[in-house]
Amino acid sequence: AKEEEEEEEGKIGDVVKLELTTKERLFFSLSLWQITVPLIVVYMAEYAAQAGAWAAIGFPTHDKSAREQFYEYANWCYQGGVFCSRSSGAIWKPGKPTLWGMAIAQCFVLIFFVIDARYHIWYNNSLLALAFFTGLLGGAVYVNAFRLITESVPSRLKEIAMTAGAVSSDFGTNLGEALALGLQYYLYQANNIHE
């Protein structure tokens with residue numbers, strides 16, 4: 001009963017008034033690092049793969065329309081993977097260690113795509129299966145990170161916690177896009193693509 005009274009004191013209608021200083025909000029957001037860091041890493045790796053490595057893959061590499069076709073199909077496969085994994089949030093509920101494992105796996109996928117775009121080790125349309133897998137990893141980390149935030153944070157702190165998660169995924173996306181610029185330049189040079 002006392003807990004309900006304390007919660008009612010901070011409410012204005014259905015909105016919870018959060019009495020935290022900026023510093024307290026920052027430290028609370030940073031305390032979620034076990035969930036937000038995998039979000040940053042998975043988004044950084046997948047967007048670096050998409051905009052960096054996939055843009056330099058085509059069969060044959062020197063054909064611009066072949067590169068554009070692979071890029072388009074890879075992104076469709078990626079989105080299919082994202083759709084499947086985000087739709088499975090109620091079925092599969094991994095914990096923090098698995099979240100970290102998926103983020104690390106996404107980094108290995110990025111490294112593979114960069115090496116493959118450079119040396120053409122596994123170089124045909126079957127790479128689209130790995131693009132689908134990239135989407136599965138990204139979507140699974142996303143949906144389960146937000147699920148973990150929802151389950152582990154008191155209701156009065158959920159709004160700020162969800163914001164920390166959203167900012168983390170956006171930060172990872174921006175890091176990935178910045179990394180992709182360098183990767184794409186490197187791969188274009190390595191494959192003698194001049195556009």
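Only alpha carbons enter this Debye calculation for the stretch 127-195, each as an equal point scatterer, and the log10 of I(q)/I(0) it gives at q = 0.12, 0.22, 0.27 Å⁻¹ is -0.51, -1.00, -1.12.
Just in the stretch 11-92: which GluC sites (Glu not before Pro) are loop by DSSP and have at most 15 other Cβ atoms within 10 Å? Can you show the working numbers first?
Details: sites: GLU19, GLU24, GLU46, GLU68, GLU72; in loops: GLU19.
Answer in residue order: GLU19.
Solvent exposure of the chain, expressed per residue, is 56 Å² of accessible area, with all protein chains present and a 1.4 angstrom probe. Ordering GLY81, LEU110, ILE121 by Cα displacement along the dipole of the stretch 74-195 toward the positive end leaves GLY81 in first place; charges were set at the Cβ atoms of Lys, Arg (+1) and Asp, Glu (-1).
Placing unit charges on the Cβ atoms only, positive for Lys and Arg and negative for Asp and Glu, gives the chain a dipole magnitude near 580 debye about its Cα centre. Can you compute log10 of I(q)/I(0) for the chain with the Debye formula, treating each Cα as one identical point scatterer, at q = 0.10, 0.12, 0.13, 0.14 Å⁻¹? So the normalised log intensities are -0.49, -0.65, -0.72, -0.80. Taken as entire DSSP H runs, the helices of the chain that both span 30 Å or more between Cα atoms along their own long axis and average -0.5 or more on the Kyte-Doolittle scale are 96-119, 127-152, 158-190.
The residue among VAL141, GLY52, TYR188 whose Cα reaches farthest toward the positive pole of the charge dipole of the chain, with charges on the beta-carbon of Lys, Arg, Asp and Glu, is TYR188. For the stretch 120-145, the residues whose backbone nitrogen is under 16 Å from a point 7 Å from the Cα of TYR73, taken along Cα to Cβ, are 122-133. Taking LYS64, LYS23, LYS158 in turn, the Gaussian network model of the chain (Cα-Cα springs below 10 Å) assigns the largest fluctuation to LYS23.
For the chain, what is the relative contact order in percent, using Cα pairs closer than 8 Å and at least 6 residues apart in sequence? Present the calculation step by step, with values, prior to reporting the outcome.
Working: 251 pairs, mean separation 74.0, N = 195.
Across the chain, relative contact order equals 38 percent.
The values are calculated or read from the model by the stated rules, or taken from the named source; none is laboratory data. In this text, all values refer to a predicted model and were calculated from it rather than measured experimentally. No Cβ is skipped: glycine too gets one built from the backbone with ideal geometry, and neighbour counts run over all protein chains shown. Please note that ligands, DNA and RNA were not included when accessible areas were found on the heavy atoms of the full protein model with its side chains. Shrake-Rupley method; radii C 1.70, N 1.55, O 1.52, S 1.80 Å.
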